[in-house]
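The numbers here are math on the coordinates, done by the rules we state, and not lab data. Keep in mind the model is a prediction, meaning the values are calculated, not measured. So basically every Cβ, Gly included, is an ideal-geometry build from the backbone, and we count neighbours across all protein chains shown.
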Protein chains: 4
Amino acid sequence: MAIHDFEPDHYFVTIGWHEPALHIADGDTVRTKTLDALGNNQQGEKVGERGNPQTGPFYVEGAEPGDTLVVQIDSIVPNRVIGHTRNVLSENIVDPEYVRELPENEWIEWQVDYAAKTASWGQFTFPVDMMIGCFGVAPPRGEAISTATSYINGGNMDYRGFREGVTVYLPVSAPGALFFLGDCHAVQGDGEIIGTGIEISCDVQFTVQLQKGRTINTVRGENDTHIFAAGNARPLDQATQHATTEIMRWLQSDYGFDATDASVLLGMAVEYDIGNIYDPAYTMVCKMAKRWLP
Amino acid sequence: MAIHDFEPDHYFVTIGWHEPALHIADGDTVRTKTLDALGNNQQGEKVGERGNPQTGPFYVEGAEPGDTLVVQIDSIVPNRVIGHTRNVLSENIVDPEYVRELPENEWIEWQVDYAAKTASWGQFTFPVDMMIGCFGVAPPRGEAISTATSYINGGNMDYRGFREGVTVYLPVSAPGALFFLGDCHAVQGDGEIIGTGIEISCDVQFTVQLQKGRTINTVRGENDTHIFAAGNARPLDQATQHATTEIMRWLQSDYGFDATDASVLLGMAVEYDIGNIYDPAYTMVCKMAKRWLP
Amino acid sequence: MAIHDFEPDHYFVTIGWHEPALHIADGDTVRTKTLDALGNNQQGEKVGERGNPQTGPFYVEGAEPGDTLVVQIDSIVPNRVIGHTRNVLSENIVDPEYVRELPENEWIEWQVDYAAKTASWGQFTFPVDMMIGCFGVAPPRGEAISTATSYINGGNMDYRGFREGVTVYLPVSAPGALFFLGDCHAVQGDGEIIGTGIEISCDVQFTVQLQKGRTINTVRGENDTHIFAAGNARPLDQATQHATTEIMRWLQSDYGFDATDASVLLGMAVEYDIGNIYDPAYTMVCKMAKRWLP
Amino acid sequence: MAIHDFEPDHYFVTIGWHEPALHIADGDTVRTKTLDALGNNQQGEKVGERGNPQTGPFYVEGAEPGDTLVVQIDSIVPNRVIGHTRNVLSENIVDPEYVRELPENEWIEWQVDYAAKTASWGQFTFPVDMMIGCFGVAPPRGEAISTATSYINGGNMDYRGFREGVTVYLPVSAPGALFFLGDCHAVQGDGEIIGTGIEISCDVQFTVQLQKGRTINTVRGENDTHIFAAGNARPLDQATQHATTEIMRWLQSDYGFDATDASVLLGMAVEYDIGNIYDPAYTMVCKMAKRWLP
């Protein structure tokens, strides 16, 4: 259970079966850095390709297709004080005829004060709530999928719930799992509907564990209060189907519910959160509060 | 500002330009009863047609097309102790190939203890959280729309946020607005994904106000912490567009934001809730916390 | 088998359970007139409400819920020489970000020469191919549905295949079926993607038959070469599901195929046509060539 | 303008930036072989991975990002007499509740007689109409995209119109373009709604040309009667937006229409065909008849 300090020197704009940047073991912790979505580092220098360049991949010894990689997000700390967002709603988020009323979209610069936990621009000051927008493991079939979108292996989900303390479960398709991460946000509303959060470079620490022989179908997660599954697809209806089906499976396989009881529990207590509704694939998160689980 | 005690003797399964059941004035309060979704009353007798038969319509004196009807939901109290749900996920909520694994769907009976604020079936006991599933005003063009679905005038939105204390804004299309209500639920998860909440008959009290000459485009609402708009359409993507566009308009018309500032505010702080994802039209709710409003 | 010459003096912008305009019998033929989509008659006078005002309803003696109304479209002849279209693609038809590049939408006027079978505007001359954009029977549950959209009972489907010689099958929900028609087009591409065809008033002749006790689920049709079903919903994916399911049922109930053979036949020879992709509900048509049927 | 006889010895199940199998020049013709969708060759031996393993990639000398690769499909000839299909409609194609009525899906074997131009199974005999289901060039950003789906670079579009004699235009993103092809079908209905056409191995001949500096946004094509664009996305609505936007651009850039005239032309004469509605991304084809072009 080593701790690795890893300073990346190259980045990827696809999540795929790329040459490992570092080999780590089950139980290891990694402290590393992520660029912002535009490819800029701690010094504000553009050292990666836009958008959402990834640190990694981290090869987890022993991980094989069919396993599950467990990633605990230990900490996300911005390593500079400037972040950026767009300033106009994305065209796909509003009624088609309303697009004609949208002004031109521009980048704006935010002051991020991590100590005070605030981010400010113009009249607005919001509390900082650090999250990782894009991370995942190598997808099946040798695919290399753009970090502009997401799939069953993760990717650019932009879900506010991927924050410090969360545990993420990822379906392993490649030997070593090949874990990537990047694209942290200081603040973001549901859906990332202006096409960005406050994009900022960060110091990130995470810890991996391996669940040998445990197979899942899409990204799952867990925090203090909930278990959840993320469906990544378009339209949102299909993302919802993916997420709901995965929670339904989970409730039956791990919590002793039959299909009827799991259905009733979901019918009475399911909660949905929205990740990204900006990218080619949208993200819907289906949640169940732990208070209802045995 | 009279208080009307109205005992309905007939019900509607469309929301349309029907003969008024009661004339009321701006500022009046109505205490009335709603059947459950199956058409059963307080005594469990089937006196209305399935599904979601509506009490009303209430003709609000002075309401004209282009106005907004404000409805405050004062109280929702079940008037019997038995409620019903289905017990299997709806087929449209899961991956198409997973439908083959769903068991047959049946009705189950819940014990609802309003004093204790609990509803129980088998191993499950959930806290009662009363909501109105279906309500609205007459739609435009003389339409009469099935209470199985929803539209810009409201209808079967099945949103958990339509609970006691909420204020709803409805776009008036018919003289007198013609307000209908019914289909209360004792407990329901997001999305009504088993096709029902705990369906139960209720005593409901509401108070109306009229905003003359104020025109809105779809259902809006407000509670202690948030303003929100409900988009009703399929797919969920389009419901999201409707709701987001309406909040965008609201932020600009009433809160002094220009399009850019309203976009930034939404981008940083918007929240989405899901109403119904079971009916022909789905419901997406776009919310903004009042703490961010001037 | 009477022939009725019916001159309408009022029109409806919903298809619903309205007072019959004329009672007719099984086997009767009706010769009547339809306004254009804007409500203008043969003389170009605005006598109906926009959009798609309907002639009718025609009450077919003996028609009861659960029956099928068969309507043969005998002829559609424009009764004036001027028609109108919009001149810019609808915003919902193009990529959201491309909406910014669309010019303002205006009405343009076409010369329709029915004898020469041509319609002309500016540099363009197209062959006239008369069709009925909007027709149907009263929907279930007493609904009255806007002629801006469509449903299982028909409505504004805007399918080019609803032309002279086609036979249409409609599911009866109201006593007398209550058949409406209007909104003829002289020329229209697939999808009605500029939001209109060449809108023109017409003389229309149709003949009805009743299939007692035969129940269908959505609009069906038949011409010399194909049988088909129309699915009306959004998104297009759902319209496709409706249409495909209905053809699948039809192949099994009437043509002696089991589910496997019907699937194989569809897999090898199904054809799809697109009706309207502009309205709240889109229309997808699923077709099977008669040459493959027993 | 050489003619290359290329016998593949390995295959790819992603379309990506893979090591070229053969270098060819602008104007060259290639005669090669494709496996069937299951990975079986001319002898029925499984030599490739399922599904839709690709022959190639062919590196076209001089092709650079921003160019267009023109591929003429000269001939598609099955090289064996056995093909296979599934025998039940795919679950995503029918109404969700109808899935419960679908039987189990199995593979069936067809006799393909290329001389007689027929394919037969059980009671069915259909005319052979050879097509290529899956082909494309390397996608942007170094992506490697599964041959189970499609994107702006092509992929598994399963469009019946990709047959002998068609000319296809592909947007080049990688040096050398890297053209792949495979997955030929002897017969297939619109939409590939049983999840397969008649899958068969083939001898294929194609000829490439390079359009330097000409940039397109998604797959385009041309045959004797039409120009067309293919939009690949889900839902079908978005695929339709992609295809329509691309044709709209093409009409303006190459045929001298302004936005209004191009809109009117499309409004009056556009045609849509459906490719795949089975894969993660669906395919919609937007067509314009050449008879209407200057």
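Counting only other chain Cβ atoms within 10 Å of each residue's Cβ, the peptide A:274-280 averages 3.
Placing a label point 7 Å from Cα along the Cα-to-Cβ axis, C:Arg163 is separated from the same position in the other copies by 2.1, 5.8, 6.0 nm, shortest listed first. Peptides C:116-127, B:163-174, A:229-240 ranked from most to least packed give A:229-240, B:163-174, C:116-127, packing being the mean of other C-beta atoms within 10 angstrom over each peptide's residues. Think of it as helices only: each DSSP H run of n ≥ 4 in chain B is worth -39500 (n - 2.57), and spread over all residues that comes to -3500 deg cm²/dmol at 222 nm.
Sorted from closest to farthest, the other copies place their B:Glu109 label points 5.8, 7.0, 7.1 nm away, with each point set 7 Å from Cα along Cα→Cβ. For D:Lys46, give me every one of the aspartates and glutamates with a C-alpha distance below 15 angstrom, ignoring sequence neighbours fewer than eight places off in its own chain. Counting by Cα, and skipping residues close in sequence, D:Lys46 has these aspartates and glutamates nearby: D:Asp9, D:Asp36, D:Asp183, D:Glu199. Derived scalar couplings between HN and Hα for the range B:233-245 equal 5, 10, x, 4, 4, 6, 4, 5, 4, 4, 5, 5, 4 Hz in order, rounded to whole Hz, by the Karplus curve 6.51 cos²θ - 1.76 cosθ + 1.60 (θ = phi - 60°), x for Gly and Pro.
Structure note, pairs D:Lys212/D:Lys287; C:Lys290/D:Lys33; A:Lys287/B:Lys33: Cα-Cα distances above 26 angstrom occur for C:Lys290/D:Lys33; A:Lys287/B:Lys33.
Peptide B:283-290 shows a mean partner chain C-beta count of 1 within 10 Å per residue C-beta.
In the protein assembly as shown, the DSSP beta bridges split such that about 90 percent are antiparallel, to the nearest 5.
This model, with +1 at the C-beta of Lys and Arg and -1 at the C-beta of Asp and Glu, gives chain A a dipole about its Cα centre of some 420 debye. Among residues other than C:Gln72 with Cβ under 10 Å from its Cβ, the summed charge is -3 (Lys and Arg +1, Asp and Glu -1). Summary of the geometry: the range C:261-282 and the range C:84-106, compared by the centres of their Cα atoms, lie 26 Å apart. In terms of its C-alpha gyration tensor, the range D:1-75 has a prolate overall shape, because the principal axis ratio a/c (a ≥ b ≥ c, square roots of the eigenvalues) is not below 1.5 and a/b outweighs b/c.
At a Cβ-Cβ separation cutoff of 4.7 angstrom, cysteine residues of the protein assembly as shown with no neighbouring cysteine are A:Cys134, A:Cys286, B:Cys134, B:Cys286, C:Cys134, C:Cys286, D:Cys134, D:Cys286.
Legend: mean number of C-beta atoms from other chains within 10 angstrom of residue C-beta atoms, peptide A:190-197, equals 5. Judged by the gyration tensor of its Cα atoms, with axes a ≥ b ≥ c, chain D is oblate; a/c meets the 1.5 cut and b/c is at least as large as a/b. Across identical copies of the chain, B:Gln211 has label-point separations of 4.8, 5.0, 5.2 nm, listed in ascending order, with the point defined 7 angstrom from Cα along Cα→Cβ.
Figure legend: label point modelled 7 angstrom from the Cα of C:Glu61 along Cα→Cβ; residues of the range C:14-31 with amide N under 11 Å from it are C:23-28.
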